[in-house]
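See structure below.
Bear in mind these aren't lab numbers, they're just calculated from the coordinates by the rules spelled out. Computed from a predicted model, the values in this text were never measured in an experiment. Reconstructed Cβ throughout: ideal geometry from the backbone, glycine too, with neighbour counts over all protein chains shown.
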Amino acid sequence: MLSLLGTLGITAANAQTTNVVLVANINLTGFRQSGENTAAPVRVTNRDIFTALNATSNGVSFGRSAQLVVVSAEGAEGPPVFQVREKVGGETTITDVSGNLSLSSSDVEVVARNGTRYTIVTFSFDDGAGDDFTVSGFATLRRGRVNGRGVGVLPDKTIGAAVQVSGTGHVGGENAVFKGVINAGGPKAEIQD
């Protein structure tokens, strides 16, 4: 996914950075250990991530309009970062959650004639309070044009990703196994001062 989102950034100019932003959607299901020889179904979505982060002592409080995004910036060291963006009274609040949710990708990538890329991506989440997961899987990364206000059209950028994942973690401190899909789409280019 480093190449997925690492290639999303474009030229920076005059102390400004151009970001490419994709809206992320997490949809995991599985089972957690809920007693001796007892498994209980679990589900993890964006809303569950927000609820877990709201319950920590980090001072955030994400509401119903919160949106999980993954952001790649030109010239940034390391992988893209996750943010939560929420409109409150006409202003957009941006909270970096990359300390809790991160991604990495395999060094091996296969590229199709149309620019679509295939690789393995790993996502890791930890709220620091007993809820965490590490899931990996097969990623399909679509390429195309991205545009944004004040940026114009950017050709040959990652415009979407679909990752079939599975892995392990904890729910309420109890062992859990997960499978599901993590998607990213709705690309937008933006200038950040």
If contacts are Cα pairs under 8 angstrom and at least 6 residues apart, what is the relative contact order of region 136-193 in percent? 36 percent
Intensity falloff of the chain expressed as log10 I(q)/I(0), Debye formula with alpha-carbon point scatterers, at q = 0.16 Å⁻¹: -1.03
Here, trypsin sites (Lys or Arg not before Pro) of region 74-135 satisfying both criteria (DSSP loop; at most 14 other Cβ within 10 Å) are R113
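Go ahead and estimate [θ] at 222 nm for the chain from helices alone: -39,500 (n - 2.57) per DSSP H run with n ≥ 4, summed, over the residue count, rounded to 500.
-2000 deg cm²/dmol
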GluC sites (Glu not before Pro) within region 25-113: DSSP coil, no more than 10 neighbouring Cβ in 10 Å: E36, E77
Among G130, Y118, S61, the residue whose Cα sits farthest towards the positive end of the charge dipole of the chain, when +1 is placed on the Cβ of each Lys and Arg and -1 on the Cβ of each Asp and Glu, is Y118
Within region 162-193, whose backbone N sits under 18 Å from a point 7 Å along Cα→Cβ of A55? 169-178
Between R47 and S166, the two model label points (7 Å from Cα along the beta-carbon direction) sit apart by a distance in nm of 2.7 nm
Once you list every other residue whose beta carbon is under 9 Å from the beta carbon of D156, what net charge do they have if Lys and Arg are +1 and Asp and Glu are -1? +3
Please compute the length gained on full extension between S124 and V88, using 0.36 nm multiplied by the number of residues separating them and subtracting their Cα-Cα distance. 10.2 nm
